[in-house]
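Please read the structure below before turning to the comments.
The values are calculated or read from the model by the stated rules, or taken from the named source; none is laboratory data. No experiment lies behind these values; they were computed from the predicted model shown. Backbone-built Cβ (ideal geometry, glycine too); neighbour counts: all protein chains shown.
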Amino acid sequence: MPMVIQVLEQAGLDAAAIDLFAVGVGPGAFTGVRVGLAAARGMALAANRPCAGIGTLEAVAEGVPIEQRGNRPLLVAMDTRRGDLYVQLFGPAQADGGTPTALPATALAEILPQGPITVAGDAAEDVASRLRKAGRAVRFVAGTDHAGAVNVAAVAARRWLAGARFPAKPAPVYLRPPQATPAPASCRQR
């Protein structure tokens, strides 16, 4: 929150001057997604403005320059740090995307269309290597390893300017259940 306040002060604005708040909704780290959502929803509520929830994989795709996509599908692949990947397949146009999913890298062939493909995301280098070994024509896009705030804002702004309206409370995107579980009754303090 101090960074948000600092940016607003540098721009000479207050929260009421913002038409739309945007936040990354995942998939991603459980705590990071929840904290980001709570902060953005709180600011939007205080300013009486809408809050756009933007998927992590879509924000990464936004960071891939159109000329690097070529006329190929774009696969965004992010490492879950749990032995599999978060992936989403996008068509050659910037705004068209499939559904994000979690799957093992060995199952990528099942979701990919035939022909050349462009790969981005923090797992892209490994995925590109795997696909090349399988005989696929792959273009790896370096420098697209995270969903930056600028990309989240760009996706939200494009939708907003196209007339999209957003729900009052964007929800987190979880593709897997959390690893943390409640402690058994025998471990709880009395």
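Residues of segment 108-141 that are over 17 Å from the mean Cα position of the chain (by Cα), hydrophobic (A, V, I, L, M, F, W, C) and either in a helix (DSSP H, G or I) or loosely packed, with under 12 Cβ neighbours inside 10 Å (or both): Leu108, Ala109, Ile111, Val127, Ala128, Leu131, Ala134, Ala137. Taken residue by residue, segment 158-180 has at least one member that is closer than 27 Å to Phe21 by Cβ, at pLDDT below 85, in contact with a helix residue (DSSP H, G or I) (Cβ under 6 Å, 6 or more places away or on another chain) and not polar (S, T, N, Q). Which ones in segment 53-78 are buried (at least 24 other Cβ atoms within 10 Å of the Cβ) and farther than 19 Å from Ala156 by Cβ? Of everything in segment 53-78, those that are buried (at least 24 other Cβ atoms within 10 Å of the Cβ) and farther than 19 Å from Ala156 by Cβ turn out to be Leu74, Leu75, Ala77, Met78. Quick check, is Thr144 at pLDDT below 90, under 18 Å from the mean Cα position of the chain (by Cα) and among the hydroxyl-bearing types (Ser, Thr, Tyr)? When the stated conditions are applied, Thr144 passes them. One residue alone among Val35, Val25 is free of Cβ contacts under 8 Å to residues at least 12 places away in the same chain and not small (Gly, Ala, Ser), and that residue is Val35. Residues in segment 88-112 that are modelled with pLDDT of 90 or more and not hydroxyl-bearing (Ser, Thr, Tyr): Gln88, Leu89, Phe90, Pro100, Ala102, Leu103, Pro104, Ala105, Ala107, Leu108, Leu112.
From Leu103, Leu45, grab the single residue that is surrounded by 13 or more Cβ atoms within 10 Å (Cβ to Cβ) and either over 21 Å from Ala147 (Cα atoms) or touching a residue at least 60 places away in the same chain (Cβ under 8 Å) (or both). On inspection, the qualifying residue turns out to be Leu45. Taking segment 5-45, which residues are polar (S, T, N, Q) and closer than 30 Å to Val87 by Cβ? Residue satisfying the conditions is Thr31 alone.
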